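Inspection log for the structure reproduced underneath, given as structure tokens.
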Amino acid sequence: DGGATKFSDVNTDEIYSTAVSTLNLMGVINGYEDGTFKPDQNVTRAEFTAMLMRTLNDGSTGSTSAAELPFTDIDDNNSDINWSIPNIKTAYAMGIINGYEDATFRPTANVAFEEAVKMIVCTLGYGNNVDVNIEPWYANFIAVAGQIGLTKNANKLGAASTPATRACIAQLLYDALEIDLVENGEKTNKT
């Protein structure tokens, strides 16, 4: 046993323990009141969007009104997800999230591995010319993620077509911190 981190259910010998510790210090992810992290628990699309925006230091900025959002399933009466509306608005304005063809965002649905990968690839600036007109739609995002090193560790924790766990999301966000950003079509030396 490698001992425990700040969280009683995350041992230091777990592949994701450094990711969890670092992102917790950054204020990106939090544990639960009982001192656990619950690494195997799924993450909702609203929760993931908030974590992604906090990784960018863009968390909880802006209005909490859903008025400008195009999603039919997010309005100012959704008390269970109102906390995430500023994050969803920021991500939507940045072009990171588009929602579904039926004009929903499904904030309380579990975020799938490939959805999280796609959103991070787009956040890092690598999503501009990715062809989605193939089957499955996410195949090229997964390929790009592999090329830039985003999924090198997360592949051991999750897979396409399945919900992403808190451990998997933490690993994806942590590995994203070391990837050079693309701005205006040019790779930068900024991470």
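Every number in this text was worked out from the coordinates using simple rules, so none of it is lab data. Quick caveat: nothing in here was measured; it's all calculated off a predicted structure. Here Cβ is always computed from backbone atoms with ideal geometry, including for glycine, and neighbour counts include all displayed protein chains.
Here are some notes:
- Annotation: extensible slack from residue 41 through residue 188 equals 49.4 nm (criterion: 0.36 nm per residue apart, minus Cα-Cα distance).
- Centre separation in Å (Cα based) which lies between region 66-96 and region 99-147: 18 Å
- Charge dipole (debye, nearest 20) of the chain; +1 at Cβ of Lys and Arg, -1 at Cβ of Asp and Glu: 360 debye
- Structure-derived P(r) over Cα pairs in 5 Å bins from 0, in percent - corresponding label in (1) 1, 8, 18, 23, 22, 16, 8, 2, 1, 0, 0; (2) 1, 6, 10, 12, 12, 10, 9, 9, 8, 8, 5, 4, 3, 1, 1, 1, 0, 0; (3) 1, 8, 16, 20, 21, 16, 11, 5, 1, 0, 0: (3)
- Sequence-ordered 3J(HN,Hα) estimates for region 153-162 from the Karplus curve with 6.51, -1.76 and 1.60 and θ = phi - 60° stand at 9, 5, 4, 7, 10, x, 8, 4, 6, 10 Hz, glycine and proline given as x.
- CD proxy at 222 nm, helix term only [per DSSP H run n ≥ 4: -39500 (n - 2.57); per residue of the chain; nearest 500]: -9500 deg cm²/dmol
- Subtracting the Cα-Cα distance of residue 178 and residue 137 from their residue separation scaled by 0.36 nm leaves 12.2 nm.
- Tensor-based shape of region 95-191 (alpha-carbon gyration tensor, a/c under 1.5 rounded, otherwise prolate or oblate): oblate
- Cα-centred dipole magnitude for region 65-172, charges only on beta-carbon of K, R (+1) and D, E (-1), debye, nearest 20: 620 debye
- The alpha-carbon of residue 89 sits under 20 angstrom from the alpha-carbons of these lysines, leaving out residues fewer than 8 places away in its chain: 118.
- Under the simplified labelling scheme, the residue 68-residue 30 pair shows an inter-label distance of 2.6 nm, with each label point 7 Å from Cα along Cα→Cβ.
- Charged-residue dipole, Cβ positions (Lys, Arg, Asp, Glu), region 38-78 about Cα centre, Debye nearest 20: 220 debye
- Region 133-188: C-alpha gyration tensor shape, a/c 1.5 cut-off, then a/b vs b/c: oblate
- Under DSSP loop assignment and at most 11 Cβ neighbours within 10 Å, longest GluC sites (Glu not before Pro)-free interval of the chain: 102-177
- Taken over the Cα atoms of region 87-146, the convex hull encloses 94 Å³ per residue.
- Projecting the Cα atoms of 30, 52, 126 onto the charge dipole of the chain, computed from C-beta unit charges around the Cα centre, puts 126 farthest toward the positive end.
- By the equivalent-ellipsoid construction on the alpha carbon gyration tensor, region 40-112 comes out with semi-axes of 16, 15, 12 Å, ordered largest to smallest.
- A simple spin-label model places pseudo-atoms 7 Å from Cα toward Cβ; at residue 155 and residue 108 they are separated by 3.6 nm.
- Across region 1-143, the relative contact order, built from alpha-carbon pairs under 8 Å that are at least six residues apart, equals 18 percent.
- Amide H contacts of residue 112 (H built 1.01 Å from N, in plane; Pro and chain starts excluded): 164 sit under 5 Å, all sequence-distant by 5 or more or on other chains.
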